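Peer 1: One structure follows; several queries about it will come next.
The values are calculated or read from the model by the stated rules, or taken from the named source; none is laboratory data. Because the structure is predicted, anything quoted here is derived from the model rather than measured. Cβ placement follows ideal geometry from the backbone for every residue including glycine, while neighbour counts extend to all protein chains displayed.
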Amino acid sequence: MGKNRFSISLLFFICGINFASWATRIPDFKAALQLSDADLGKVLLGSPIGSLISLPLAGWLLTKYKSKYISLFSVGLYAFVVPAIGLANNQLTLFLALFGFGMAGDILNIAMNTQVVGLEAKLNKVAMSSFHAVFSIGLMTGAFLGGIISKYQFTPLQHFGGIALIDIICIPFFYPFLLEDDPKVEQKQEKKSILRLPPYLIILSIIALCGMLCEGAMADWITLYFKENVQGNPFPNTIGFSAFALAMVIGRFMGDTLTLKFGTKNMLVTSGILLALGMLITLIFEYYYIKIAGCFITGIGISTIVPLIYSAAGNSKEIAPSVAIAGVSTIAYAGFLVGPVLIGYLSDFIGLPQALVLLIVLGLLASIISKFSLKINRN
């Protein structure tokens with residue numbers, strides 16, 4: 001099982017470092033293309049639209065082909081589209097490159113989470129959160145590298161070309177040891193469409209939507225927030241995102257143990273409260289160290305929401321794991337679709353700090369839904 005865990009972990013790391021590498025260069029593209037916050041929000045739509053279109057496709061593909069094949073395809077697609085982002089020189093080309101980027105990321109997202117559900121079945125225990133911790137390590141690594149690379153004035157093309165090379169180099173290290181999907185697992189489940197989810201999965205999807213919108217908003221906007229709204233900050237503008245990513249790593253490594261002790265429902269309720277508290281601290285205090293601490297608390301809050309939801313969805317008895325995860329993700333990623341534009345327009349209208357109050361509202365909403373509407377029998 002050790003080689004299986006390493007291979008699946010490497011997929012999560014690849015996904016994280018690619019995502020963070022783009023996120024850390026958003027202010028550079030905004031400046032180079034002279035985008036307003038609203039314009040940036042519209043361009044950022046490219047990635048979630050690609051995600052939304054690819055998720056039903058990924059769910060269908062995973063009922064036809066092994067998830068290890070889909071994982072290989074998506075990493076190869078990453079290696080192709082990431083440098084294309086660096087070549088974008090106007091709003092349209094950047095939008096199209098991000099469309100491909102969103103497709104690659106979320107086909108990989110479904111495939112690698114399906115791999116984890118298979119491993120959980122073999123281990124007979126919860127393991128999802130620890131793999132998402134590796135994704136957060138990738139985020140943190142990408143944020144750290146992005147800050148250094150930006151400081152030394154490497155171009156986005158040089159930066160993203162290096163990330164694509166990492167993607168390619170990793171392929172022989174993960175592909176041979178990915179799990180072979182067991183067709184019997186899929187055959188036991190009713191082949192429902194991702195558009196006809198049972199009520200239990202719809203509730204999970206709404207909670208995941210809140211968490212993923214907040215996670216995406218932190219990735220897309222927190223670096224810009226620190227650049228434009230934090231005075232006297234001696235650190236790179238990526239410091240808030242780096243603190244957030246570090247907290248995601250810590251929270252997710254602890255997540256499986258805490259879930260076994262306190263249960264999924266209690267973890268989700270607490271996570272929503274911490275998310276809201278962290279963003280409140282980030283926005284209302286002026287001192288940059290307190291803002292960094294707020295980003296850290298936000299990361300702790302967000303860290304376990306998505307892995308807990310994916311694990312619960314993948315272990316549903318009513319629907320095949322790959323279809324359940326794809327269905328939940330399709331609804332959840334609507335948050336990525338609405339979030340960038342909504343925050344961009346709100347920022348133009350009332351300012352970015354005020355727009356980020358939306359994250360506080362969503363954190364509280366996730367906590368309330370988890371407390372009063374969610375019944376989970378499985379710890």
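Peer 1: Can you pull out the residues in segment 133-150 that are within 29 Å of ALA313 (Cα to Cα) and modelled with pLDDT of 85 or more?
Peer 2: Matches in segment 133-150: ALA133, VAL134, PHE135, ILE137, GLY138, THR141, GLY142.
Peer 1: While we're looking at this one, here's another question. Filter segment 226-265 down to residues that are surrounded by fewer than 23 Cβ atoms within 10 Å (Cβ to Cβ), over 30 Å from SER316 (Cα atoms) and under 21 Å from the mean Cα position of the chain (by Cα), then give me how many there are.
Peer 2: Residues that pass the stated criteria total 3.
Peer 1: Give the residue, chosen from PHE29, PHE12, PHE6, that is touching a residue at least 12 places away in the same chain (Cβ under 8 Å), closer than 22 Å to PHE226 by Cβ and in a helix (DSSP H, G or I).
Peer 2: Unique residue meeting the criteria: PHE29.
Peer 1: Just checking, does segment 47-57 include any residue being over 26 Å from ALA320 (Cβ atoms) and either touching a helix residue (DSSP H, G or I) at 6+ places or on another chain (Cβ under 6 Å) or not hydrophobic (A, V, I, L, M, F, W, C) (or both)?
Peer 2: Yes: one or more hits.
Peer 1: Does ALA313 qualify as being under 28 Å from LEU108 (Cα atoms), over 16 Å from the mean Cα position of the chain (by Cα) and crowded, with 20+ Cβ neighbours inside 10 Å?
Peer 2: yes
Peer 1: Which members of segment 262-271 meet the condition of being closer than 12 Å to ILE300 by Cβ and touching a helix residue (DSSP H, G or I) at 6+ places or on another chain (Cβ under 6 Å)?
Peer 2: MET267, SER271
To keep it simple, each residue is scored yes or no on (1) β-branched (Val, Ile, Thr); (2) at pLDDT 75 or above; (3) closer than 18 Å to ILE222 by Cβ.
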residue: TYR333; (1), (2), (3): no, no, no
residue: LEU342; (1), (2), (3): no, yes, yes
residue: LEU346; (1), (2), (3): no, yes, yes
residue: GLY351; (1), (2), (3): no, yes, yes
residue: GLN354; (1), (2), (3): no, yes, yes
residue: LEU359; (1), (2), (3): no, yes, yes
residue: SER370; (1), (2), (3): no, yes, no
residue: ARG378; (1), (2), (3): no, no, no
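The rows are residues; the columns are (1) without any contact (Cβ under 8 Å) to a residue 40 or more places away in the chain; (2) closer than 23 Å to GLU120 by Cβ.
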position: VAL249; (1), (2): no, yes
position: ASP256; (1), (2): no, yes
position: ALA276; (1), (2): no, no
position: ILE281; (1), (2): yes, no
position: ILE284; (1), (2): yes, no
position: LYS291; (1), (2): no, no
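Peer 1: On to the next question. Only helices (runs of 4 or more DSSP H) wholly contained in segment 37-129 count here; list those with 3 or more residues that are more than 17 Å from the chain's Cα centre (by Cα) and within 17 Å of ILE8 (Cβ to Cβ).
Peer 2: By residue number, 67-87, 91-123.
Peer 1: Residues of segment 151-169 being in contact with a helix residue (DSSP H, G or I) (Cβ under 6 Å, 6 or more places away or on another chain) and either buried (at least 19 other Cβ atoms within 10 Å of the Cβ) or at pLDDT below 90 (or both), which ones?
Peer 2: PRO156, HIS159, PHE160, ILE163, ALA164, ASP167 - these are the residues of segment 151-169 that are in contact with a helix residue (DSSP H, G or I) (Cβ under 6 Å, 6 or more places away or on another chain) and either buried (at least 19 other Cβ atoms within 10 Å of the Cβ) or at pLDDT below 90 (or both).
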